[in-house]
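Read the structure below first, then the notes.
The values are calculated or read from the model by the stated rules, or taken from the named source; none is laboratory data. Bear in mind the structure is a predicted one, so any value in this text is a computation, not a measurement. FYI the Cβ positions are ideal-geometry reconstructions off the backbone, even for glycines, and counts take in every protein chain you see.
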């Protein structure tokens with residue numbers, strides 16, 4: 001539970017696609033780490049952001065999307081909440097996506113900076129998804145977007161296909177390494193003792 005004089009303001013921002021047919025009770029349970037941290041007794045109570053201009057936490061059952069634009073007062077212990085939130089949303093998410101968490105140090109001022117003190121401001125990018133492949137796909141898409149946007153200041157977009165291909169290779173290697181690690185210690189599958197990959201999830205698109 002947070003306190004009014006907490007040293008940090010924590011902003012959570014994201015747009016998570018949710019599996020079709022998920023009911024509001026499941027959404028409330030998945031988001032329990034957030035609204036409980038805010039000291040609320042339900043999602044309806046805890047979904048309200050610290051700032052009125054922010055929409056807070058909203059689930060649209062028509063589009064099956066969870067919208068997060070929510071600020072709460074807290075401290076470093078919110079990092080444990082982030083872990084629980086990601087595990088819960090992995091179970092409900094329909095595709096990989098990112099969630100941004102920003103920590104603002106409300107007690108840090110110009111005098112602290114002049115004295116050489118360090119602010120506790122921080123930014124964390126989280127990824128959720130139904131399986132490792134979906135999560136890596138979201139990571140890949142975000143990296144490609146950022147790299148292409150930066151390099152288009154100097155190169156035409158058509159010249160960057162090789163850069164995108166190299167990014168795909170890196171993620172492909174990471175995915176294959178993950179699948180191999182999940183296979184370690186597993187018995188051979190099927191009567192022929194085949195080496196089919198198990199537990200690795202769906203391979204991301206574009207990663208060849």
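Considering every residue within the range 142-158, establish whether at least one is in a helix (DSSP H, G or I), in contact with a strand residue (DSSP E or B) (Cβ under 9 Å, 6 or more places away or on another chain) and either at negative phi or assigned by TED's automatic domain parsing to the domain that holds residue 84 (or both). Checked against the condition, which is being in a helix (DSSP H, G or I), in contact with a strand residue (DSSP E or B) (Cβ under 9 Å, 6 or more places away or on another chain) and either at negative phi or assigned by TED's automatic domain parsing to the domain that holds residue 84 (or both), the range 142-158 yields at least one hit.
Note on the range 135-169: residues that are out of contact with any helix residue (DSSP H, G or I) (no Cβ under 9 Å at 6 or more places or on another chain) and surrounded by 15 or more Cβ atoms within 10 Å (Cβ to Cβ) amount to 3.
No other residue among 122, 131, 105 is more than 21 Å from residue 81 (Cβ to Cβ), surrounded by 14 or more Cβ atoms within 10 Å (Cβ to Cβ) and modelled with pLDDT of 90 or more apart from 131.
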